[in-house]
1. Answer yes or no: is there a residue in the range 234-243 that is farther than 30 Å from Pro23 by Cβ, in a loop (DSSP other than H, G, I, E, B), touching a residue at least 24 places away in the same chain (Cβ under 8 Å) and polar (S, T, N, Q).
2. Name, by its number, the condition in (1) in contact with a Pro (Cβ under 8 Å, 6 or more places away or on another chain); (2) over 17 Å from Lys28 (Cα atoms); (3) in the same structural domain as Ile31 (by TED's automatic domain parsing) that does not hold for Ala66.
3. Considering only residues that are within 20 Å of Pro52 (Cβ to Cβ) and surrounded by 17 or more Cβ atoms within 10 Å (Cβ to Cβ), which ones fall in the range 72-96?
4. One residue is enough: does the range 81-88 have a residue meeting the conditions outside the structural domain of Lys139 (by TED's automatic domain parsing), at pLDDT below 95 and at positive phi?
5. Given (1) surrounded by 19 or more Cβ atoms within 10 Å (Cβ to Cβ); (2) without any contact (Cβ under 8 Å) to a residue 60 or more places away in the chain; (3) touching a strand residue (DSSP E or B) at 6+ places or on another chain (Cβ under 6 Å), identify the lone condition not met by Leu99.
6. Given the criteria more than 25 Å from Val110 (Cβ to Cβ), at pLDDT 95 or above and of a type in the set (A, V, I, L, M, F, W, C), does Val233 qualify?
7. Being of a type in the set (S, T, N, Q) and either without any contact (Cβ under 8 Å) to a residue 24 or more places away in the chain or in a strand (DSSP E or B) (or both) is the filter here, so list the residues in the range 1-57 that pass it.
8. Keeping to the range 197-224, report how many residues are modelled with pLDDT of 95 or more and part of a strand (DSSP E or B).
Amino acid sequence: MASDAQLAKLLGHIAACRTARLPGARLKFFIGPAHVGYVEPAFAAQLAALSPDIGLGQDVRLPAAAAGGLNNLALAAGIASRGEDFDVRAAPDGPVLALLDRGALPQFGVIGVGVHLNGLVRRNDGWNLWVAKRAAHKKLDPGRLDHLVAGGIPAGLTPFATLIKEAAEEAALPAALVSQAHEVGRFAYEMEREEGLRRDVVVAYDLELPADFMPQAADGEVESFALWSLEQVFETVCAGEAFKFNVNLVLIDLFIRFGLVRGAAASRLRAALG
């Protein structure tokens, strides 16, 4: 059972991902009639100065017919491209309204969707979890602990197709094995970060892996992998900030489902996760 101190830490991890208060000082950003994001007033003024298509008043509006130029507008505003487009939607499962480079999502306050995989191994001593250490050169959260597989969903791909792609790239997991993964939850948060506003949805999967499977860092995004007991993962999450912020949300859900947190504590965490 989780102690009071452990429960407080787990609740703190959830609260840390919910720091944005919207709209706050930001202006709502619309594509046509659809509300897709939030922008700072100074950035809104910059966009309006750059493009006659931008309508600036109590909110910021871009006609749907001009949405194809959104990436060019982001570049003109000085946002460095990361070379990976994401779908712009008003809701995670809504229609695609535009494409926007991943690096520009926080400035426009647009929803970003990603996938995370709990890579589980059942051994005689109980459940174990593969833990990745992010490479030191990563732009965001270098050196933090992470899931075996995690990544954003690029334009045109489904969550499951992204999972298969990322699993091959990050851990050399064959598609035939990853296809056995099953979705276990979706976790949304709105968070103030150094890079801007993060409005993210994480699609979480479980996959039981063979005891002899050894992940390999195929694309250099991961420095190393280690197989930890689930209890060690729990103690580490409860002890500090070793894991990347959004990984904690998926792990807290895992702890509840696998019985490391029970009763009233589990109910409080479930309610906080949403």
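1. No, there is no match, as no residue in the range 234-243 is farther than 30 Å from Pro23 by Cβ, in a loop (DSSP other than H, G, I, E, B), touching a residue at least 24 places away in the same chain (Cβ under 8 Å) and polar (S, T, N, Q).
2. It fails just one condition, (1).
3. Going residue by residue through the range 72-96, those that are within 20 Å of Pro52 (Cβ to Cβ) are 72-79.
Passing the criteria: Leu73, Ala74, Ile79.
4. Yes, the range 81-88 has at least one match.
5. Here Leu99 clears every test but (1).
6. yes
7. Hit for the range 1-57 is Ser3, nothing else.
8. 12
The values are calculated or read from the model by the stated rules, or taken from the named source; none is laboratory data. Bear in mind that the values here come from a model prediction, so they are computed numbers and not experimental data. In this analysis, Cβ positions are derived from the backbone assuming ideal geometry, glycine residues included, and neighbour counts consider all displayed protein chains.
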